[in-house]
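Read the structure below first, then the notes.
The values are calculated or read from the model by the stated rules, or taken from the named source; none is laboratory data. This structure is a prediction, so every number in the text was calculated from the model and none was measured. All Cβ positions, glycine included, derive from the backbone under ideal geometry; neighbour counts span all protein chains shown.
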Amino acid sequence: MAEVEVTREGAVQTITLNRPDVMNAFNRALHAGLRDALKEARDPEVRAVVITGAGRGFSAGQDLTEFTDMPNVGDSLRATYHPNVLAIRALEKPVIAAVNGPCAGAGLSLACACDIRIAADNAIFVPGFIGIGLVPDSGGTFFIHRLLGAPRAFEWMSSNRRLTAAEAHAWGLVSEVVEADAFAARTAELAATYAAMPTRAVGMTKRLFDHADNATLEEQLELEAQLQAAAVQTNDFREGVAAFAEKRPASFSGN
C-alpha cells in the first residue's frame, strides 16, 4: 500500500496521506510520496490541489518511532518537511487542506501551509509539540503566527489546547466546517470551483499575499504592477472581460 495516494478528477488533484493505521503519521516513505505528488501537481492541467488523510484523521504528525532514530533532527527536518512545505507555497495554484479528523503536530503545520482549510465537524486541532517537550516545526510558527497573530498563536502552541472544528472556525484557522457525512462532497465541490477559476491569476494572487508579509508598501505596489501586467496578457483576462461585456458566465481555461 502506497503511503500517499494521488487521484485526478478533471482539473483537481487529490493527495491522500495514506497510513490510516497510525493516523497518517509522517515517516520517510510518506514524505517521499508527498514530494512526488507535489511534483505531479505542477502539471498545468492541474488547476486545484486537495490534501487530505485516509481513514478517520488528517495526520497525527511525526511518527515518533522513526523520530527517535534520527541522528540529527535538524538535518532530517531540512531534508523532509522543508522541501514539501516550500513546494506547497511554490505551486501557483490553490492548495486546499481537507481536514477530515484529528490534525496534530506536523500535520497541523502542513494544513496551515495550504492556502485554504476546511474541516469536518469532527475534526480536532492539537498543537502536539509542547506536549512532548518539543517546539513547533515544519513552518508551524510561520503560518500559525500569520493566521492567528502572535499572542494567540503563542498561547495556543504553548498550552497544547485542543481546538474543536467550531473553535478553529471561530478563530479563523479554517474557513468552513462541514458535517462529516457531507464533507467529501463539499470538498469536491470547493475544489472544482477553484479549478474553474483563472488559475494564473489565482496563483499570482497567492504570490502577492506571500510577499506582503515582509514587503514595504512600495515593494508590494511594484509587485502588484508587475503581476497585473502579466495577468492582462492571459487568455483568461480576455475571456473575463468578454463575458462581463456579454453578461454571461466566464469560461476560464487556466491560461
Any hit, the stretch 201-223, residues being closer than 20 Å to Ala90 by Cα, outside the structural domain of Val12 (by TED's automatic domain parsing), in a helix (DSSP H, G or I) and basic (Lys, Arg): yes
Answer residue from the stretch 6-39, given it is of a type in the set (D, E, K, R) and under 24 Å from Ser76 (Cβ atoms) and is modelled with the lowest pLDDT among those: Arg28
Residue, surrounded by the most Cβ atoms within 10 Å (Cβ to Cβ), within the stretch 125-149, restricted to residues that are touching a strand residue (DSSP E or B) at 6+ places or on another chain (Cβ under 8 Å) and closer than 17 Å to Gly172 by Cβ: Phe125
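Residue-by-condition table, conditions (1) among the aromatic types (Phe, Trp, Tyr); (2) in contact (Cβ under 8 Å) with a residue 12 or more places away in the chain; (3) more than 20 Å from Thr164 (Cα to Cα):
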site: Ala97; (1), (2), (3): no, yes, no
site: Gly101; (1), (2), (3): no, yes, no
site: Arg117; (1), (2), (3): no, yes, no
site: Ile130; (1), (2), (3): no, yes, no
site: Gly139; (1), (2), (3): no, yes, yes
site: Leu147; (1), (2), (3): no, yes, no
site: Pro151; (1), (2), (3): no, no, no
Filter result for Gly140 (under 17 Å from Phe26 (Cβ atoms), touching a helix residue (DSSP H, G or I) at 6+ places or on another chain (Cβ under 8 Å), assigned by TED's automatic domain parsing to the domain that holds Arg42 and modelled with pLDDT of 95 or more): yes
